[in-house]
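Enquirer: Handing you this structure, nothing more for now.
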Amino acid sequence: MTSLLLTGIGSLVTNDPAHGTAIGEIRDAAVVIEGGKFAWVGPRRDAPAADSGVDLSGRAVIPGFVDSHSHLVFAGDRAEEFAARMTGEPYSAGGIRTTVAATRQATDEQLTANVARLVNEMRRQGTTTIEIKSGYGLTVDDEARGLALARGFTDETTYLGAHVVPPEYADDPAGYVELVTGPMLEAAAPHAKWVDVFVERGAFDADQARAILTAGRAKGLEPRVHANQLGEGPGVQLACELGAAAADHCTHLTDADVDALASSGVVAGLLPAVEFSTRSPYPDARKLIDAGVTVALASDCNPGSCYSSSIPLCIALAVREMRMTPAEAVWSATAGGAASLRRDDIGRIAVGYRADLAVLDAPSYLHLAYRPGVPLVAQTWVAGRPL
């Protein structure tokens, strides 16, 4: 294996507390990459020799973003729905059915091209690991094909047959739960790593969600939960009861919900671009962090409630609107996302971790929040290779 030395790193965020802080920042740093992994990390003055080298000319380097919540397998457009929200119409779960109709009609080629477009958009903004959910097919065949297509882009695929009850089951939600836990699960499980449920009014209640998540776990899929987005509800408590990897949204929490997240170790996935896109209240990230809850930041890129793939936007919103520090926001979009996916090989720049990183056209990670809306990611590297 050949080795590559990256020098001229003005500021390196490692997320390794061994370097002095939670984000482990090293000034005037260098890294060595070998075999697609980090082989050495430290100050430039101590860097070992390598087979080749690249000088990054004082730019900042951070771990690649880990986007732990997205819905990229879809067709159609809901711009009119967005415009209606901007004139005062509240967001509800029902709009999902519009995308379901369009997705069912789309060809495999059309869906794959759309996923590829969005993944490339994410890569250009520094995202190196992406979780992709199904949930816009809601038939046995469409959920299975959506996951199979997503698997061509990531190993982090999530079965979300329980997104909403489709129109053909409007009068028989119990029958739809039987489908989700039976034939649909059988078809979807070979293509999925996770199982998820939208626990919300207009979607699924706690008993339905528990049955779906339990059935998924019996097929080898680990649970995640869409929880407490539109109001207080049972989603967070259910996630903690079942030991889910993450409870995502967490917009409306009681003190008991915060305590449960802190004591259970379930990651709170915060999706601030959703609140931005729906003019909704933001989650109380400060309260969660101060209580000891592990927080992840993710895009929730989808055609309805948040058609943005930008983790840098999420970082800026988290700092400005959710009272996170810039360091907390960057950690949550990298190491926090890795925790949400239960990964111990990404989200940090440390020996043995996969060599995923984002090179910023800025001297410090602080500029991600300091200069919102500016395309600061100059290069994205995945497994030691620039894209």
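The values are calculated or read from the model by the stated rules, or taken from the named source; none is laboratory data. Bear in mind that the values here come from a model prediction, so they are computed numbers and not experimental data. Using ideal geometry, Cβ is built from the backbone for each residue, glycine included, and neighbour counts are taken over all protein chains shown. Just so you know, the surface numbers come from the protein's heavy atoms only, side chains and all, with ligands and any DNA or RNA stripped out. Shrake-Rupley method; radii C 1.70, N 1.55, O 1.52, S 1.80 Å.
Enquirer: Among Ala75, Leu160, Ala170, pick out the residue whose Cα is farthest towards the positive end of the charge dipole of the chain, where Lys and Arg carry +1 and Asp and Glu carry -1 on C-beta, about the Cα centre.
Expert: The Cα lying farthest towards the positive end belongs to Ala75.
Enquirer: With angles folded into 0 to 90 degrees, how steeply does helix 108-124 sit against the dominant principal axis of the chain? Use alpha carbons for both and round to 10.
Expert: The answer is roughly 40 degrees.
Enquirer: Between Ala170, Ala239, Ala47, find the one with the highest GNM mean-square fluctuation for the chain; connect C-alpha pairs within less than 10 Å.
Expert: Greatest mean-square fluctuation among the candidates belongs to Ala170.
Enquirer: Bin all alpha-carbon pair distances of the range 109-208 at 5 Å intervals from 0 and give each bin's fraction as a whole percent.
Expert: Histogramming the range 109-208 at 5 Å steps yields 2, 14, 23, 22, 17, 12, 7, 3, 1 percent.
Enquirer: With every atom except the alpha carbons ignored, what do you get for Rg and Dmax of the chain, in angstroms?
Expert: 20.5, 69
Enquirer: Roughly how much of Leu376 is accessible, in Å² to the nearest 10, using a 1.4 Å probe?
Expert: Estimated to the nearest 10 Å², Leu376 gives 10 Å².
Enquirer: Say the dipole of the chain comes from +1 at the beta carbon of Lys and Arg and -1 at that of Asp and Glu; which of Leu270, Thr254, His191 then lies farthest toward its positive end?
Expert: Leu270
Enquirer: Charges only on Cβ, +1 for Lys and Arg, -1 for Asp and Glu: so what's the dipole of the range 49-96 about the Cα centre, in debye to the nearest 20?
Expert: Taking the Cα centre of the range 49-96 as origin, the dipole is about 100 debye.
Enquirer: Calculate the dipole size of the chain relative to its Cα centre from +1 charges on Lys and Arg beta carbons and -1 charges on Asp and Glu beta carbons; express the result in debye to the nearest 20.
Expert: Here the size comes out at about 1080 debye.
Enquirer: To continue, here is another question. Highest GNM mean-square fluctuation, the chain, Cα pairs closer than 10 Å: which of Glu80, Glu321, Glu241?
Expert: Fluctuation is largest for Glu80.
Enquirer: Another question about this same structure. So which trypsin sites (Lys or Arg not before Pro) in the range 250-336 end up in coil per DSSP with only 12 or fewer other C-beta atoms within 10 Å?
Expert: Here the sparse-neighbourhood loop sites are Arg279.
Enquirer: What whole number of Å gives the distance from the Cα centroid of the range 1-26 to the Cα centroid of the range 207-264?
Expert: Taking the Cα centre of each part, the range 207-264 and the range 1-26 sit 35 Å apart.
Enquirer: In the range 38-78, which residues have a backbone nitrogen under 16 Å from the label point lying 7 Å from Asp361's Cα in the Cα-to-Cβ direction?
Expert: From the range 38-78, the list is 56-61.
Enquirer: What are the lysines whose alpha-carbon lies under 16 Å from the alpha-carbon of Lys219, with same-chain residues fewer than 8 places away excluded?
Expert: Lys193
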